[in-house]
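Notes for the one structure printed next.
The values are calculated or read from the model by the stated rules, or taken from the named source; none is laboratory data. Values in this document were obtained by computation on a predicted structure and should not be read as measured data. Glycine also receives a Cβ, built like all others from the backbone with ideal geometry; neighbour counts cover every protein chain displayed. Side chains included, ligands, DNA and RNA excluded: accessible areas come from the protein's heavy atoms. Shrake-Rupley method; radii C 1.70, N 1.55, O 1.52, S 1.80 Å.
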Amino acid sequence: VCHEIADSLPDLTVNTDRLAPEVLITVENFTEDSCAFAEECIGTVDLEGIEGNRRLLRFSTEVINQGQALLEVPLPQFRPDIFEYSACHDHFHYTGFARNELLDASGTLVVTGLKQAFCMEDTDRYYSSPAYSCNDGSDCEFPGISPGWTDLYGNSLDCQWLDITGVPPGDYQLRVIANEGRSFMEESFDNNVSMVPVTIPPL
């Protein structure tokens, strides 16, 4: 969207302090009729309908708007090009909110996944300052992230993970990129990446 050069803009960054301590590894059971399978959040399960276990790297993603303007998110009816409807979850997903990646010690991409964002809203007030409102201004009906506020996706949510089934044990880097598709103008795209070390233990 075009804007005046002097306009204030939002500025997104991923909260590393939330990302690092909320990484956990689980083994969970899925079938081919699960939403996670339908939306490609996990790898292949047995196509004959036999249940399958997947090893997941779960983590929480908290995106902070540290800019001076509201991150305005259009509704699906106005920007159908950046949303897709999930029949399984019965709501729209915004397709470019965050990208999640697992890198090995040499920086090679091992696993990648896309965050299935469906409701960008003010979750927590991050900055305590007169410059930022004490009250949340965005929700699922009027989506966005207000200045000084965060949008939190906890590690218990569906698809808030990377499928690491079959990934060898060892030391890796978890990388999360906010506004990966650059669908929203920001003050800077240079601070949109957060990376933390993770260790995958033997089974």
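Taking interchain pairs and intrachain pairs at least six residues apart, which have beta carbon atoms under 6 angstrom, with the first residue in region 58-69 and more than 13 Å from Tyr126 (Cα to Cα) and the second assigned to a loop (DSSP other than H, G, I, E, B) and of a type in the set (Val, Ile, Thr)? From residues that are more than 13 Å from Tyr126 (Cα to Cα), the pairs are Phe59/Val23.
Residues of region 144-160 that are in contact with a helix residue (DSSP H, G or I) (Cβ under 9 Å, 6 or more places away or on another chain) and open to solvent by 10 Å² or more (accessible area, probe 1.4 Å): Leu152, Gly154, Asn155, Asp158. Every listed requirement among (1) of a type in the set (Asp, Glu); (2) touching a Lys or Arg at 6+ places or on another chain (Cβ under 7 Å); (3) modelled with pLDDT under 90 is met by Asp139 save one, (2). Scanning region 162-197 for residues that are open to solvent by 10 Å² or more (accessible area, probe 1.4 Å) and not in a loop (DSSP other than H, G, I, E, B) returns Asp163, Gly170, Asp171, Tyr172, Gln173, Arg175, Ile177, Val193, Met195, Pro197.
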